[in-house]
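Written below as structure tokens is the structure these notes are about.
The values are calculated or read from the model by the stated rules, or taken from the named source; none is laboratory data. Not measured: the values here are computed from a predicted model. Neighbour counts run over all protein chains shown; Cβ positions are idealised from the backbone, glycine included. In case anyone asks, the SASA skips ligands and DNA or RNA and just uses the protein heavy atoms, side chains included. Shrake-Rupley method; radii C 1.70, N 1.55, O 1.52, S 1.80 Å.
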Amino acid sequence: MTIQHELMNVKEAAIYLRLNYMTVYKLAQKGRIPAFKVGGNWRFKKEIVDDWLTRKSIAGMASVLIVDDDTTVRDILKEMIRKEGYSVTTAENGESALREIERQRFDLVFLDLVLPDISGTQVLKTIKETARDTIVVIVTGYADDPIALNVMSQGPLVLVRKPFRERDIIEVLNMVTKGMTSNVGKS
């Protein structure tokens with residue numbers, strides 16, 4: 001079987017996904033569905049589309065809180081994570097983060113340790129006390145700092161160093177998604 005036969009065209013993908021032809025075409029054009037061009041035509045690999053659908057269905061259930069005092073970092077993370085299909089809330093400081101955590105349950109928190117009011121360490125402590133199932137990703141430019149090292153020794157956390165790359169964030173989201181799927185149906 002040649003590679004060409006393993007790929008679906010837009011019409012076949014539309015039938016497979018039970019979507020309108022133009023909807024699939026527009027999603028591919030906007031980069032919202034995994035597709036690539038072969039000879040100027042959009043093509044879809046079934047296995048990649050299936051994996052994407054699985055991640056999207058799980059991600060659609062997941063909510064993420066981003067806590068960082070740097071507006072640029074918050075906006076970049078928000079865009080990257082939303083693009084992957086997650087529901088995103090942001091907080092510019094520790095007080096705001098604590099209000100959001102009190103108001104709603106989050107599956108994942110991207111947390112800067114250096115905040116202008118309450119420290120990220122205090123926010124982490126509150127998360128561990130009130131939302132034990134929440135996965136926390138420490139996002140810091142000071143990964144070798146004693147505070148970061150102390151926080152990382154407190155339990156299963158993920159650390160992402162600033163400046164980060166989009167693939168670093170997507171890797172974390174994929175890791176978290178896999179963890180969520182392995183816990184489905186378990187109590």
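Residues in the stretch 62-87 that are in a loop (DSSP other than H, G, I, E, B) and in contact (Cβ under 8 Å) with a residue 60 or more places away in the chain: how many? Give the steps one after another, and end with the answer.
Applying the first criterion (in a loop (DSSP other than H, G, I, E, B)) to the stretch 62-87 yields 62, 68-70, 84-86.
After this cut, where a residue has to be in contact (Cβ under 8 Å) with a residue 60 or more places away in the chain as well, the list is 62, 68, 84, 86.
Number of matching residues: 4.
Which of the residues spanning the stretch 75-100 are open to solvent by 80 Å² or more (accessible area, probe 1.4 Å), over 14 Å from the mean Cα position of the chain (by Cα) and farther than 16 Å from V139 by Cβ? Full working, then the answer.
First, pick out the residues of the stretch 75-100 that are open to solvent by 80 Å² or more (accessible area, probe 1.4 Å): 75, 79, 82-83, 92, 95, 99.
Now restrict to residues that are over 14 Å from the mean Cα position of the chain (by Cα): 92, 95, 99.
Those that are open to solvent by 80 Å² or more (accessible area, probe 1.4 Å), over 14 Å from the mean Cα position of the chain (by Cα) and farther than 16 Å from V139 by Cβ: E95, R99.
Please verify whether S153 is hydroxyl-bearing (S, T, Y), surrounded by fewer than 12 Cβ atoms within 10 Å (Cβ to Cβ), over 27 Å from G85 (Cβ atoms) and at pLDDT below 80, treating the condition exactly as stated.
It is true that S153 is hydroxyl-bearing (S, T, Y), surrounded by fewer than 12 Cβ atoms within 10 Å (Cβ to Cβ), over 27 Å from G85 (Cβ atoms) and at pLDDT below 80.
Mind checking which residues of the stretch 12-30 are more than 24 Å from the chain's Cα centre (by Cα), outside any helix (DSSP H, G or I) and either in contact (Cβ under 8 Å) with a residue 12 or more places away in the chain or surrounded by fewer than 14 Cβ atoms within 10 Å (Cβ to Cβ) (or both)?
Matches in the stretch 12-30: R18, N20.
Of the conditions (1) modelled with pLDDT under 90; (2) on the phi < 0 side of the Ramachandran plot; (3) surrounded by 14 or more Cβ atoms within 10 Å (Cβ to Cβ); (4) outside any strand (DSSP E or B), V160 clears all except one; give me its number.
V160 satisfies all of (1) modelled with pLDDT under 90; (2) on the phi < 0 side of the Ramachandran plot; (3) surrounded by 14 or more Cβ atoms within 10 Å (Cβ to Cβ); (4) outside any strand (DSSP E or B) except (4).
If I go through the stretch 123-145 residue by residue, how many of them are among the polar types (S, T, N, Q) and exposed (fewer than 14 other Cβ atoms within 10 Å of the Cβ)? Don't jump to the end; show me each part of the working.
Going residue by residue through the stretch 123-145, those that are among the polar types (S, T, N, Q) are 126, 130, 134, 140.
Narrowing the set further to residues that are exposed (fewer than 14 other Cβ atoms within 10 Å of the Cβ) leaves 130.
Qualifying residue count, the stretch 123-145: 1.
Among the residues of the stretch 175-187 satisfying the criterion of being at pLDDT 60 or above and surrounded by 15 or more Cβ atoms within 10 Å (Cβ to Cβ), which is nearest to R74 (Cα to Cα)?
From the stretch 175-187, those at pLDDT 60 or above are 175-177; that's our starting set.
Restricting the remaining residues to those that are surrounded by 15 or more Cβ atoms within 10 Å (Cβ to Cβ) gives 176-177.
Details: V176: 19, T177: 21 Å.
Going through the qualifying residues, I end up with V176.
Kindly indicate whether T126 is in contact with a Leu (Cβ under 9 Å, 6 or more places away or on another chain), modelled with pLDDT of 70 or more and not aliphatic (A, V, I, L, M).
Values: in contact with a Leu (Cβ under 9 Å, 6 or more places away or on another chain): yes; modelled with pLDDT of 70 or more: yes; not aliphatic (A, V, I, L, M): yes.
Yes; evaluated as a whole, the condition is true for this residue.
Return the total of residues in the stretch 112-137 being closer than 14 Å to S63 by Cα and of a type in the set (A, V, I, L, M). Walk me through how you get there before you give the answer.
Let us first name the residues in the stretch 112-137 that are closer than 14 Å to S63 by Cα, namely 131, 133-137.
This time we only want the ones that are of a type in the set (A, V, I, L, M), so: 131, 135-137.
Residues meeting the conditions: 4.
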